[in-house]
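Okay, so here's the structure we're looking at.
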Amino acid sequence: MNPVPVEQQQSLVTRLMNACGGAYSPEVRRKYFITGPQWAAAYEGQALFHAPTRRPVGFEQVIREYARIGIGHWCTHDTDVIPTGMLGKDGQDDIVGRIGKALKENGLVCSMVTTETFHHAVWAASPAAEAPEVRAYAAWRLKNTVRIGHELGAKFAVYWPGSLGYYVQGAVEETETLKWYAEGLNAACEADIELAAKLGRPTLKHCMEAKPFEPQAEILLPTSDAMLSFISSGLLTHPEMVGLNPEYLHELMWGAAPRAALARALVAGKLWHFDINDGYRLKHDVDIAVGLVNPLDWLNVLVLLRSHGYEGPFNLDYKPPRTTSNFGVFEVSFPTAVDRFITLWEMAGEAITDPVIGEASAALRAGGGVKDARDVDAVVAANRELLSLHELIAHRMVQILIGQHRGRTYSL
Ligand code: 3MF
Ligand code: MG
Ligand code: MG
């Protein structure tokens, strides 16, 4: 092939995207509760060892592009859109007004707001640092975000504690720090109750998000399970207002089965919001788009959520790769992530109604029919052949994933 001049590269990308096929229309995409973060689309490719590879994009462009793709909901950190120094000042109202206008013009809804408690130097010793003024500032920031949320009509507030942890042990007393962190959340919930009553709106759903590694060496609330125990620890004044925003990769990173972590949140009644992405076990937070690494695991996750009637947001919290251009972010990265999610979600529906899986699951639950459960040999013997169905069901899930259940085979 001859070299492709740069001015022909975008049309090549578009042509090959069309050749891929399998795209859903924006109308279909909008039927799903898929949310697009400001920070994901505006990510410029920078990281610890990386310089940016893309140009900045503002919220007006992100909202416009999400609308074009068919991503119906938008979410943001406070400082994604408002410079730190402007928070709480007149400039904030002006920006929030412009965001509201852009959302309305493009038919988008603000689903969630979140406070950045990890980037700015003020969080160096965490949002629950020893110095009372840092904690007072943190509480003020969380309350300000709640206000922005109500102004934009959001239903959710998310809390990733970021730097709540340390590099070296000894200086930080963990129980005290957790108590202080709870005080910040309590302030946010109390401000929310007051504001919601004043505005005649429901209170927000406050969702905690855990990450096991980064940006500290040791993290005080590293997993969704740790957060469940924190929510019911007695430190929160309104535990009923606080639930979880698990992130698929954050659970996978520490070695969990994300589906099992989600199941624990479900049985606790706390699975309210879900960050969707992909990546690898025991690695850093690579934030790859949903389904590009573990599509079979993702299919299984969605079977669990569909069969339990999960109706919360699916938040595209990933990072378009550094190799993807500004053009590619909206031409390739977001539409393909959304379409893989929809396909996996619909496949999960197929798995739930699949007659083979249905009969196999029912047979496993029926058991072998032993009357005397004290007779261990009889119990083992009665189930021996049934248990092969575990592997059969796993095979069937792969068949559904690759379309083999519809008769796709290869002849040699
Ligand atoms: C970090 C994250 C965060 C959170 C966000 C919402 C930048 O790994 O996942 O995204 O999702 O701060 O609170
Ligand atoms: Mg996240
Ligand atoms: Mg993440």
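Readers should treat all values here as calculations from the given coordinates under stated rules, not as data from a laboratory. Note that the structure is a prediction, hence the values are computed from the model and not measured. For neighbour counting, all protein chains shown are included, and Cβ atoms are generated from backbone atoms with ideal geometry for every residue, glycine included.
A compact table of results
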| item | result |
| --- | --- |
| Calculated FRET efficiency for the pair A268/A373, C-beta based, R₀ 45 Å, to 0.05 | 0.90 |
| Gain upon complete extension [V13, A362; 0.36 nm per residue less C-alpha separation] | 120.9 nm |
| For Y159, residues with placed amide H under 5 Å, excluding near neighbours | C207, M208, E209 |
| Over 26 Å between alpha carbons, listed pairs K104/K270; K143/K211; K143/K283; K143/K270 | K104/K270; K143/K283 |
| Residue order, fewest to most surrounding Cβ atoms within 10 angstrom, among T35, T237, T203 | T237, T203, T35 |
| Loop-resident sites, the stretch 1-72, for chymotrypsin sites (Phe, Trp or Tyr not before Pro), counting at most 14 other Cβ within 10 Å (DSSP) | F49 |
| Fully extended contour minus Cα-Cα distance, from V28 to E214, at 0.36 nm per residue | 63.3 nm |
| Loop-located trypsin sites (Lys or Arg not before Pro) in the stretch 322-375 whose Cβ has at most 12 other Cβ within 10 Å (DSSP) | K371, R374 |
| Shape of the chain, Cα gyration tensor, a/c cut at 1.5 | oblate |
| Rg over Rh, two decimals, the stretch 334-378 (C-alpha only, Kirkwood Rh) | 1.38 |
| Calculated [θ] (222 nm, deg cm²/dmol) that DSSP helices of n ≥ 4 give over the chain, each run adding -39,500 (n - 2.57) | -14500 deg cm²/dmol |
| Summed side-chain charge close to W160 - residues other than W160 whose Cβ falls under 10 Å, Lys, Arg +1, Asp, Glu -1 | -4 |
| The stretch 44-121-the stretch 273-349 distance, computed between alpha-carbon centres (Å) | 21 |
| Likely footprinting exposure, E65, E350, fewest C-beta neighbours within 10 Å first | E350, E65 |
| Loop-located chymotrypsin sites (Phe, Trp or Tyr not before Pro) in the stretch 317-385 whose Cβ has at most 13 other Cβ within 10 Å (DSSP) | none |
| Potential extension, D93-H390 segment - 0.36 nm per residue separation minus Cα distance | 101.3 nm |
| The stretch 24-353: relative contact order as a whole-number percent, Cα under 8 Å and 6+ apart | 17 |
| Inter-label distance, nm, simple model (7 Å from Cα along the C-beta direction), I402/A125 | 5.6 |
